[in-house]
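The values are calculated or read from the model by the stated rules, or taken from the named source; none is laboratory data. Note that the coordinates shown come from a computational prediction; the quantities given were computed from them, not determined experimentally. In this analysis, Cβ positions are derived from the backbone assuming ideal geometry, glycine residues included, and neighbour counts consider all displayed protein chains. Please note that ligands, DNA and RNA were not included when accessible areas were found on the heavy atoms of the full protein model with its side chains. Shrake-Rupley method; radii C 1.70, N 1.55, O 1.52, S 1.80 Å.
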Amino acid sequence: QVQLVESGGGLVQPGGSLRLSCVISGLTFSNVNVAWFRQAPGKERKFVAAIAWRGDSTSYLDSVKDRFTISRDNAKNTVYLEMNSLIPEDTAVYYCAAAINYYGPKSLYNYWGQGTQVTVSS
């Protein structure tokens, strides 16, 4: 059974930082491409960042590329999203997604987590 479990969300003030984690089980972690998406209230789910299975390729939404960093630790079956200089527009539920045969910004990932809430507010 494949499971993706996100953690690390919370309430943070503008300009603050958070690190999200996504632990993946039930797959050979070193073979999977992983992405983060987010969905704000009343809006469509949007791609945030992705990292390829070897960790040698990453991709970002333009509005976060200078503030967010995606990384992976294959020994821990975990992908991270380090988020700095957070702004209210980053407020959303953040989802982790995984796929073996797809890497990119579209919602074509086979496996999804339940999401973790990030709220940026003073």
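What to note about this one:
- Restricting 25, 71 to those that are in contact with an Asp or Glu (Cβ under 9 Å, 6 or more places away or on another chain), polar (S, T, N, Q) and more than 14 Å from residue 103 (Cβ to Cβ) reduces the list to 71.
- Among the candidates 48, 120, residue that is open to solvent by less than 30 Å² (accessible area, probe 1.4 Å), more than 13 Å from the chain's Cα centre (by Cα), at negative phi and touching a residue at least 12 places away in the same chain (Cβ under 8 Å): 120
- Subset of region 93-117 [farther than 15 Å from residue 18 by Cα, among the hydroxyl-bearing types (Ser, Thr, Tyr) and under 15 Å from the mean Cα position of the chain (by Cα)]: 103, 107, 109, 111
- Any hit, region 81-92, residues being open to solvent by less than 50 Å² (accessible area, probe 1.4 Å), among the hydroxyl-bearing types (Ser, Thr, Tyr) and either within 11 Å of the chain's Cα centre (by Cα) or closer than 17 Å to residue 4 by Cβ (or both): no
Residue by residue, here is whether (1) surrounded by fewer than 19 Cβ atoms within 10 Å (Cβ to Cβ); (2) in contact (Cβ under 8 Å) with a residue 40 or more places away in the chain; (3) among the acidic types (Asp, Glu) holds:
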residue	(1), (2), (3)
17	yes, yes, no
33	no, yes, no
59	yes, yes, no
64	no, no, no
70	no, no, no
77	yes, yes, no
104	yes, yes, no
113	no, yes, no
